[in-house]
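Down below is the structure, laid out as structure tokens.
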Amino acid sequence: MLSYLVALLIIAGIYALLTISLDLQYGFTGLVNFGQVGFFAVGAYGSALVSLSGAPIALGFVVAILAAAVSALPIGLLALRLREEYLAIITLGYSEAVRLVIVNETWLTNGSQGLTGVPRPFMQLGEGRADLAYLALVLACNLAMVLLIRRLVGSPFGRLIQAVRDNETAAIALGKHPPAAKVKTLTIGAGIAGLAGALYGHYIGFVSPDQFLPLVTFYIWMAMILGGIGSLRGSLAGAAILVLILEGTRFIRDFLPGVADVQMASVRLALVGLLLIGFVLHRPQGLFGSMARR
């Protein structure tokens, strides 16, 4: 039971990092990013490939962050002068392009078979202690990213991106340059998502294209909305609620004896959707949001 709870906390922590990164981009800057799973995948594969080559795992984490951040630069330079809906389409296309590259470049990624044997740190401590140590690592990464973003948001740059979010025209009139601020925010958020990908790959020990479908991005959006847009506390709480809902619905099978195993996937998705709709209807601003911003 303890190992199951630790596993849930680790996955929730990884989703929390993804939600924090999206909240920086959308909640604080107003960037509609539907391709966050693409940066997640780049981080997971980047760290896995470096580690499998025999390099230290720590170097894999660094490569994951840098690779995801660098991959965000072309999107920012090409798309961030466009309206929000165009950015949403381009980022969604980017995530699918990343997945197709992973599937087709078998010489590098082993295609749809994925990469196995991705090393996990702390295994020398024994399985139980290794899981606890990994949970501590995930929590430390979350704490570091929360402190980083809080410092960033409280700085002059943070006030600029919030001004861009609230009224970009007014920011331009004051002599500011919103595209540059947007590129920086997109890049930082992508780097955090890359870190989450590295943590995920090394914890699961296996990465494949099926783990990085667009559905993951919309799960992250759900977590951000549940917790409250523009709230770091909300990002952490929303990720925990999302994992609780996704895992809790696994046990619905015990209460629905007339439903076949093949049909349970559809039933689970329907229940998750109903729960989320009910939550948004009764608490549209999220748990820690003061108001519904959009």
Cα gyration tensor shape of region 53-133, rounded if a/c is under 1.5, else prolate or oblate by comparing a/b with b/c: prolate
Charge dipole magnitude, Cβ of K and R +1, D and E -1 - region 2-213, Cα centre, debye nearest 20: 600 debye
Unit charges at the beta carbon, dipole of the chain: most positive-side option, 97, 39, 53: 39
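Taking each full run of DSSP H in the chain as one helix, which ones are at least 27 Å long along their axis (Cα atoms) and have mean Kyte-Doolittle hydropathy of at least -0.5? Each step should come with its number before you reach the end.
Values: long enough: 2-22 (30 Å, 2.33); 57-79 (33 Å, 2.49); 84-104 (30 Å, 0.86); 127-153 (39 Å, 1.30); 178-204 (39 Å, 0.73); 261-282 (32 Å, 1.64).
Those that clear 27 Å and a mean of -0.5 are 2-22, 57-79, 84-104, 127-153, 178-204, 261-282.
Using R₀ = 51 Å, calculate the FRET efficiency as 1/(1 + (r/R₀)^6) where r is the Cβ-Cβ separation of residue 265 and residue 174; round to 0.05. Intermediate values should be presented prior to the final figure.
Numbers: r = 51 Å, r/R0 = 1.01.
Result of the calculation: an efficiency of 0.50.
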Relative contact order [Cα under 8 Å, 6+ residues apart], region 2-213, whole percent: 43 percent
Global geometry of region 1-152, whether rounded, prolate or oblate, following the gyration tensor of its Cα atoms and the 1.5 cut on a/c: oblate
Förster radius 22 Å - calculated FRET efficiency between residue 106 and residue 213 (Cβ-Cβ, nearest 0.05): 0.70
Column: log10 I(q)/I(0), Debye, Cα scatterers of the chain, q = 0.07 Å⁻¹: -0.27
Model label zone, residue 77; criterion: amide N under 14 Å from point 7 Å along Cα-to-beta-carbon; scope region 180-206: 180, 183-184, 187
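Values quoted throughout were computed directly from the atomic coordinates according to the rules given, and no laboratory measurement underlies them. As the structure is a computational prediction, the values presented were derived from the model and not from experiment. All Cβ positions, even for glycine, are placed from backbone atoms using ideal geometry, and neighbour counts span all protein chains on display.
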